[in-house]
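S.K.: First the structure, then my questions, so here it is.
The values are calculated or read from the model by the stated rules, or taken from the named source; none is laboratory data. Worth saying up front: this structure is predicted, and the values here are computed from it rather than measured. Here the Cβ positions follow ideal geometry from the backbone for every residue, glycine too, while neighbour counts run over all protein chains shown.
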Amino acid sequence: MYTRSVRCPPLKSELLSHWSHMTETLLLCLDGNDRVVSGNPAAQRWCQAALHAGSSWWPSCPAYAAAALRDAVNSARCGVGGNVMVHQVDPARHWTFSVTPAPGGGVILEGHDVTALQQSQDQVSWWEACFEHLPVAVTFYDTAGCQLFGNVAYRELLGNLAPLPDVLAVDTDESQVAAPLQVEADSTVCVRRGASAQHLSLQSCPVERHGIWTGDLVMIRDITSHRGLERRLTYQATHDELTGLLNRSALETNPVTRASPRLNTMIFIDLDDFKKVNDTWGHAAGDLVLQAVACRLRRWQEAGEFTVRWGGDEFVALIGAATSRQAQRRAEVLLSALQEPVQIGTRTVSVTACIGAYYTDAPLQRRVTDLIARADAAMYAAKRSGKNTVQVELLLQIPADDSHAGR
C-alpha cells in the first residue's frame, strides 16, 4: 500500500508572516496597553533590542522617536491615524511611520527608512533655494513649453511670472523671440514699455536627466545700462564732440563700394580766414561758427549722404550727383548757404569757404581717403583762384571705342 503526500498551498497568514520577516519595512503591532503583540526583524533592528510579546513597547523605542510616536499612537486610539516623521541625528537617518488603529484598541506601526528620499528632497530644496536667490533672472520651461519656475530676480525683472512669449511679444530693434525654446545660446531682445526700452540678454541651456531632454533653463540679464554705455562710447568714437557730425575716423574706415553707387561726389570744405575769428572774438566764438556751419551742412545734405568734420575748420561731404553739372550746382548751393552771417551774441560774423569737389560717373571702388585726396586737391585749386570759390574735378568713364572692334 502506497501513501502519497499532498503539499497544500500556504495560508495567507503564513505568507504574511514570511513577508514580514523578509521585508525591510518596520512592522509593529501593539495592544491597547502599549504591549508588543508582534514585531518583525526590521523593527527589532531599528529598536536594537529583542521585542518580546507581552512586553511594554516604550522602553524599547529609541528616545529620539518616543515623543512623536506616543502622540501618533494616542491619536490612532482615538480613531485618527496618520503619518509621522522622526529623525535620527547620529547617524543621520530619517524614518516615516504610518500609525493606524487595530481591532481591540491596538495600533499598527509601519515604518520606512526614507533617508535617501529625504536627502534627495533636501538637495532639491537646496537647489531651489539657490535658484530663488540668484541675482540672475532664471526660469524653466518643460518640453511642452510650459513655464514651471521663475525665481525672485525673474519676477522683479519682468513684473510677474508671465511666459516669455507673452512678455516679449513686442516690437524689437534687435531680434524677435517667438518662444523660449527657440532662444539661441546667446541672444538679445529689446522690450519696449511705453517710451522706455529695456534690453535683455537671454541664454538658453537644455536640461537633461538620464540622457533625456526635460526642458530648457533660460537665464535673463538686464543689460540696458550696458547697452546705453556701449552706444554712447560708439557715438563718441564716430562723432565730433563739438558739432555732432561724423568724425574723421568714421569716414576713413568706411570703404565706398558698389553697394552705394549713388554716392559719387566727394566735397572738401575749408573755411576762409577762420583763424581771424578765433584771434578777434575768441575760441568760444569760433566754436559757435563751427556749430553753425555743421547745422547748415546737415540741412544741405540729403538722405543717405555723409557730412564729416575733417578737422579744425575743414569739413567733408560724400554726396550723390546725377551729372557733373549737378555736382557743381550742389557745391554752389552749399557755398551760398555758408555765406549767411552767423550771429554771436550782439555781433555778426561772416563766413566764406573754398570748396573742392571730385565727381566721377564710374563705379566707386576706391577708399574714402583716395577720394578725399582728389577733393582736397580741387579745394586748393579753388584757393589759388581766390576766396569763396568752388572747383570741381571730373573723372569721366571713357566708353570703349567700337571702331577698333574689327581690327
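S.K.: Please indicate, with yes or no, whether at least one residue in the stretch 240-262 is basic (Lys, Arg) and modelled with pLDDT of 85 or more. Before the answer, list the steps.
M.R.: Here is the first cut: in the stretch 240-262, the residues basic (Lys, Arg) are 248, 258, 262.
Okay, now just the ones that are also modelled with pLDDT of 85 or more, so 248.
Checked the stretch 240-262: at least one residue is basic (Lys, Arg) and modelled with pLDDT of 85 or more.
S.K.: One residue is enough: does the stretch 278-296 have a residue meeting the conditions under 18 Å from Thr265 (Cβ atoms) and either at pLDDT below 90 or of a type in the set (A, V, I, L, M, F, W, C) (or both)?
M.R.: Within the stretch 278-296, not a single residue is under 18 Å from Thr265 (Cβ atoms) and either at pLDDT below 90 or of a type in the set (A, V, I, L, M, F, W, C) (or both).
S.K.: Which residues, counting only those in the stretch 267-285, are out of contact with any Lys or Arg (no Cβ under 9 Å at 6 or more places or on another chain) and more than 18 Å from Ala382 (Cβ to Cβ)?
M.R.: Lys275, Lys276, Val277, Asn278, Asp279, Thr280, Gly282, His283, Ala284 - these are the residues of the stretch 267-285 that are out of contact with any Lys or Arg (no Cβ under 9 Å at 6 or more places or on another chain) and more than 18 Å from Ala382 (Cβ to Cβ).
S.K.: Which of (1) surrounded by fewer than 18 Cβ atoms within 10 Å (Cβ to Cβ); (2) out of contact with any Pro (no Cβ under 9 Å at 6 or more places or on another chain); (3) of a type outside the set (Val, Ile, Thr) is the odd one out, the single condition Cys78 does not satisfy?
M.R.: (2)
S.K.: Here's another thing I want to ask about it. Out of the residues in the stretch 213-240 that are of a type outside the set (A, V, I, L, M) and part of a strand (DSSP E or B), which is surrounded by the fewest Cβ atoms within 10 Å (Cβ to Cβ)?
M.R.: Trp213
S.K.: Residue by residue through the stretch 346-359, note down the ones that are touching a residue at least 60 places away in the same chain (Cβ under 8 Å), over 16 Å from Lys275 (Cα atoms) and of a type outside the set (Lys, Arg).
M.R.: Within the stretch 346-359, Ile355, Gly356, Ala357, Tyr358, Tyr359 meet the criteria.
S.K.: Now for a different question. Among (1) of a type outside the set (S, T, N, Q); (2) in a loop (DSSP other than H, G, I, E, B); (3) surrounded by 14 or more Cβ atoms within 10 Å (Cβ to Cβ); (4) within 46 Å of the chain's Cα centre (by Cα), there is one condition Ala303 misses while meeting the rest; what is its number?
M.R.: (3)
S.K.: Looking only at residues in the stretch 334-345 that are farther than 16 Å from Gln291 by Cβ and touching a residue at least 24 places away in the same chain (Cβ under 8 Å), which one is surrounded by the most Cβ atoms within 10 Å (Cβ to Cβ)?
M.R.: Ranking the candidates gives Leu334 first.
S.K.: Please work out which one of (1) surrounded by fewer than 19 Cβ atoms within 10 Å (Cβ to Cβ); (2) more than 43 Å from the chain's Cα centre (by Cα); (3) in a helix (DSSP H, G or I) is the condition Val277 fails and give its number.
M.R.: That leaves (1) as the condition not met.
S.K.: For a quick check of your reading of the model, give me the residue pairs whose first member lies in the stretch 29-49 and is over 23 Å from Pro103 (Cα atoms) and in the same structural domain as Ala72 (by TED's automatic domain parsing), whose second is in a strand (DSSP E or B) and aromatic (Phe, Trp, Tyr), with beta-carbon atoms closer than 8 Å and at least 6 apart or on different chains.
M.R.: If the second residue must be in a strand (DSSP E or B) and aromatic (Phe, Trp, Tyr), the pairs left are Trp46/Trp95.
S.K.: Still on this structure: What is the residue count in the stretch 335-344 for residues that are over 17 Å from Val316 (Cβ atoms) and under 50 Å from the mean Cα position of the chain (by Cα)?
M.R.: Of all residues in the stretch 335-344, those over 17 Å from Val316 (Cβ atoms) come to 336, 339-344.
If we keep only those that are under 50 Å from the mean Cα position of the chain (by Cα) too, we end up with 342-344.
Within the stretch 335-344, residues that are over 17 Å from Val316 (Cβ atoms) and under 50 Å from the mean Cα position of the chain (by Cα) number 3.
S.K.: When you scan the stretch 349-362, do you find a residue that is in a helix (DSSP H, G or I), modelled with pLDDT of 90 or more and closer than 22 Å to Arg296 by Cα, even just one? Steps first, please.
M.R.: Initially, the stretch 349-362 is screened for residues in a helix (DSSP H, G or I), giving none.
No.
Residue-by-condition table, conditions (1) surrounded by 15 or more Cβ atoms within 10 Å (Cβ to Cβ); (2) β-branched (Val, Ile, Thr); (3) under 60 Å from the mean Cα position of the chain (by Cα); (4) modelled with pLDDT of 90 or more:
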| site | (1), (2), (3), (4) |
| --- | --- |
| Arg4 | no, no, no, no |
| Leu16 | no, no, no, no |
| Glu24 | no, no, yes, no |
| Leu30 | yes, no, no, yes |
| Val36 | yes, yes, no, yes |
| Leu51 | yes, no, no, no |
| Gly54 | no, no, no, yes |
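S.K.: Does the stretch 104-111 contain any residue that is of a type in the set (D, E, K, R), surrounded by 12 or more Cβ atoms within 10 Å (Cβ to Cβ), in contact (Cβ under 8 Å) with a residue 24 or more places away in the chain and not assigned by TED's automatic domain parsing to the domain that holds Ala197?
M.R.: Within the stretch 104-111, one or more residues are of a type in the set (D, E, K, R), surrounded by 12 or more Cβ atoms within 10 Å (Cβ to Cβ), in contact (Cβ under 8 Å) with a residue 24 or more places away in the chain and not assigned by TED's automatic domain parsing to the domain that holds Ala197.
S.K.: Select, from Val80, Val99, Val86, the only residue that is assigned by TED's automatic domain parsing to the domain that holds Asp34 and in a loop (DSSP other than H, G, I, E, B).
M.R.: Step by step, each of Val80, Val99, Val86 is checked, and only Val80 is assigned by TED's automatic domain parsing to the domain that holds Asp34 and in a loop (DSSP other than H, G, I, E, B).
S.K.: Additional query: What residue, among those in the stretch 163-176 that are loosely packed, with under 15 Cβ neighbours inside 10 Å and farther than 12 Å from Leu200 by Cβ, is modelled with the highest pLDDT? Before you say what the answer is, go through the steps one by one.
M.R.: If we filter the stretch 163-176 for residues that are loosely packed, with under 15 Cβ neighbours inside 10 Å, which is where we start, we get 166, 169-171, 173-176.
Remaining after also requiring farther than 12 Å from Leu200 by Cβ: 166, 169, 171, 173, 176.
Numbers: Asp166: 48, Ala169: 41, Asp171: 38, Asp173: 43, Gln176: 38.
The qualifying residue modelled with the highest pLDDT is Asp166.
S.K.: Which residues, taken from the stretch 38-49, are within 60 Å of the chain's Cα centre (by Cα) and surrounded by 16 or more Cβ atoms within 10 Å (Cβ to Cβ)?
M.R.: Narrowing the stretch 38-49 to residues within 60 Å of the chain's Cα centre (by Cα): 40-48.
Within the stretch 38-49, Asn40, Ala42, Ala43, Trp46, Cys47 meet the criteria.
S.K.: Considering only the stretch 321-338, I want to know if a residue exists there that is among the basic types (Lys, Arg), at pLDDT 85 or above and not in a helix (DSSP H, G or I).
M.R.: No, because not a single residue in the stretch 321-338 is among the basic types (Lys, Arg), at pLDDT 85 or above and not in a helix (DSSP H, G or I).
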